[in-house]
Amino acid sequence: MGMLHPRDALHPATLAPRPAAGRRQVLGGLAAALAGLPLAAPALAQAQPLRIGMITSLSGPFTALGESMRAGMQLLLAQSGNRLAGRPVEFLVEDDQARPEEGARRARKLIGQDRVDLLCGVISSGVALALRDVVTEARTPTFLLGSANDLARKAASPYIVRPTKTNWMLGSTAARWAREKLGGARVLTVASDYAAGREYVGDFVETYRQLGGRPGRTLWTPLGSADFGPLLTTIAAERPEAVYGFFAGSDAVRFLRQWQEYRLAGRVPLIGPGAFFDQEDVLPAVGDAALGAFSTFHQSPTAPASAAFNRAYMATGKPLPGEFSTTGYVCGQVIRALLERTGGTLADWEAARAALFGAPVETAFGTMPFDPRNGQAILDIHVNAVRRGEDGRMVNTVVHTYPQLRDPGPDA
Amino acid sequence: MRRALLSRAAPMAAALLALALPAALAGPFHLRFLAEILLLGTAVMSLDLLVGSGGLVSLGHAALFGTAAYAAAVAALHLGGNLLLVLGAGTGAALLLAALMGVAIMRSSHLFLLILTLLLGQIAWEVAFHWRAVTGGADGLRGLPPLSLGPWRLDGPRALFLLAGGLALAAHALARSFVAAPIGRALVGAREQPLRMSALGYSTARIRLRAMLAAGGIAGAAGSLYPFLNLYVGPQSVHWSLSATMIIMLVIGGVGSLWGAFLGSAVYLALQTYVSAYTDRWQLFVGVIFVLIVLLLPHGLAGAAARWRRG
């Protein structure tokens, strides 16, 4: 069929059924058996390159975010001299186009053909959910960076580690902040009508109501709206005491510009998840339209844990880092910590997982322990205020921190 | 007589061999990849019935394929992954939608047909995207049970591949007999000489409706197996951009040849999967190949192969 990779076609192991981790164990076991020296196997594992596959969006609506994620990971690998725990690293990147089917196909290619030792990446929650069964069935350790709540709940898997936030962490902390600072004022909610927007707004409204706040009307707009005029007119007519909103990427840029043009900026307090005011992808494009807005986020360029990463990232000619460059870098840090704790081998995933969850990892998001029930990171959630920095640029500045937030996970 | 038998048996034997070889030799990734090529190829082939014979270029074919995928997935989630149930639910849903679409388009052609099918497809997409309780919205549906037939589980890559291969063979036989049957000839007639056809007493509207039903049924059968490749179905499988991709596959493979649809989907998916590992700009390659084929091989790869065989 012309589709067979020559390496696979020639390799005898292709013909026999075999567990997912595959070739290295077969060869290692063979070498050990031939030499009659069980000690030879770990030595061989040390010399074998470690293949890391990344699935991210390099075309489609999340292109910029995907490129940032890849840059963050590449920075960490470059800093480590392309070796993790003594093993040389081969880093393979595949584009999921933000489409679930495409992501699943890429994951199968990386697992089945490229024989990666572990997978990481993903921006779109849809892709992350589609990958869940693929990697669990193949038993491939996967560091999944989408943020749908279900990834830490119904869709949790023993093969998935989640070194990033869940949407609930941001929505519920924003409600707590609004309750404390605005005293239960009437908060209107508005968001892009897709999975992430629904979860942010849903969690915000639920928590806010539980705390005794008064949620106002909820408005939805389609993803990729060009004109927010009618929406902003409705918001102004509602006269809310504050607005909780979520838009991402180019939607966020357009919304914030028009928010200013309709003279709502500075008059109505604006709150949102951090991606609404992302340091790298949104703030540089909207002037001072977001000045004074608050967001809850696990990432902030002014968080102390991020300082070293900021310097290294900006030294590569990039701006102050936003969510996805930091996320890519943190993912690399967690993978590095895992390999260092296991001496560079992933042969026994059970044990490797236990070693990772046994003690927190120091990352650019801060000290990161894991919840052993679902592999979900427990994170510090910062309240960021958009303020004018020394050089006049807008900077997400930490004004408060909710320490060590744990997703309810299977309890939710 | 014997020659006729031979000329009919030879392609059949070749097709069976083409299925048996990879089933014995290919690894799990390639088997699943080939299964995807076969399923999408079957859907593209059903589109070829409309485009190749009827000149009806539809941008709503993914709606038929994806609706079947959703119906099959929902049926499997609630009633288990019995193969016949899944195929029945998916094909039935696609036939229903095809009937609706057929009624809507039976009096239009060319640009209006294109726009009507696009709109109907977008409506199907909107439903899939917003009816969260049933379709899972943007997240899609996951956690599907594996396919089964009686006591056998059909969830391994080899079983899926053979299933897709069997479906492709059956669908191809069906499509061939449709084209050869009076209705297939009448469809070509309605494309070439609509006035003369109606003067002869044919109802072009009814012919189009039947063609739509045949195409919808075949696309639906392929669509109902599609979610089980990845145990996932999402709104992308209903989106019009998949319809456009199908048209590109069809043109690459060769309009009007039926089996070219499989070539086209193989070339497109292989490009997308392999070239994109080396460059982010893989769509440029697809575009260039598409343009080259339109300019140099107007009958697609299948047409080129047929010409080469004739010498």
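The values are calculated or read from the model by the stated rules, or taken from the named source; none is laboratory data. Since the structure is predicted, the reported quantities are computational estimates derived from the model, not experimental observations. Because the Cβ atoms are built from the backbone with ideal geometry, glycine has one as well, and the counts that use them run over all protein chains shown. Just the protein is used for accessible areas: all its heavy atoms, side chains included, with ligands, DNA and RNA removed. Shrake-Rupley method; radii C 1.70, N 1.55, O 1.52, S 1.80 Å.
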With the full set of protein chains present, the residues of the range A:48-63 whose 1.4 Å probe accessible area falls by 10 Å² or more relative to the chain alone are A:58, A:59
If you put +1 on each Lys and Arg Cβ and -1 on each Asp and Glu Cβ, how big is the dipole of chain A around its Cα centre, in Debye rounded to 20?
340 debye
Longest principal axis of chain A (C-alpha) makes with the long axis of helix A:229-238 (C-alpha) an angle, in degrees to the nearest 10, of 60 degrees
Sum up the charges of everything whose Cβ sits under 12 Å from the Cβ of residue A:398, counting Lys and Arg as +1 and Asp and Glu as -1, but leave residue A:398 out.
0
Put a dot 7 Å past each Cα toward the Cβ at residue B:278 and residue A:390; how far apart are the dots in nm?
4.8 nm
Show which lysines lie in cross-link reach of residue A:181 when reach means a straight Cα distance below 17 angstrom and same-chain residues fewer than eight apart are skipped.
none
Of every hundred units of 1.4 Å-probe accessible area on the protein assembly as shown, the number belonging to carbon and sulfur atoms, as a percent, is 62 percent
What value, in deg cm²/dmol to 500, does the helix sum -39500 (n - 2.57) over DSSP H runs of n ≥ 4 give at 222 nm once divided by the residues of the protein assembly as shown?
-18000 deg cm²/dmol
What accessible area per residue, rounded to a whole number of Å², is obtained for chain B using a probe radius of 1.4 Å?
45 Å²
Going 7 Å from the Cα of residue A:362 toward and past its Cβ, which residues in the range A:291-310 have a backbone nitrogen under 17 Å from where you end up?
A:303-310
Highest-fluctuation residue, A:211, A:151, A:320 considered, GNM on chain A with Cα pairs under 10 Å
A:211
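Give me the net charge for the shell around residue A:314: Cβ to Cβ below 15 angstrom, other residues only, Lys and Arg +1, Asp and Glu -1.
On the way: positive: A:311, A:318, A:393; negative: A:280, A:390, A:391.
Neighbour charge sum, excluding residue A:314 itself: 0.
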Provide the descending list of Cα extents for chain B along its principal axes, expressed in whole angstroms.
54, 45, 44
Could you identify which residue out of B:42, B:279, B:91 has the top mean-square fluctuation in a GNM of chain B using Cα springs shorter than 10 Å?
B:279
Kirkwood hydrodynamic radius of the range B:173-231, Cα pairs, Å:
12.8 Å
Residue A:254 neighbourhood, Cβ < 11 Å, K/R = +1, D/E = -1, net charge -2
The Rg/Rh figure for the range A:281-412, Cα atoms and Kirkwood Rh, to two decimals is 1.03
Centroid-to-centroid separation of the range A:112-156 and the range B:70-146 [C-alpha atoms, Å]
26 Å
What are the lysines whose alpha-carbon lies under 25 Å from the alpha-carbon of residue A:154, with same-chain residues fewer than 8 places away excluded?
A:165
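Report the calculated FRET efficiency for residue B:180 and residue B:153 (r = Cβ-Cβ distance, R0 = 45 Å), to the nearest 0.05. Each step should come with its number before you reach the end.
Numbers: r = 38 Å, r/R0 = 0.83.
Efficiency for this residue pair is about 0.75.
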Rounded to the nearest 100 Å², the accessible area hidden between B and A, summed over both chains at a 1.4 Å probe radius, is 3300 Å²
Taking residue A:318 as the anchor, which aspartates and glutamates have their alpha carbon closer than 20 Å to its alpha carbon, excluding any fewer than eight residues away along the same chain?
A:67, A:278, A:280, A:281, A:390, A:391
Rounded if a/c is under 1.5, else prolate if a/b is larger than b/c, else oblate: which is the protein assembly as shown, with a ≥ b ≥ c the root eigenvalues of its Cα gyration tensor?
oblate
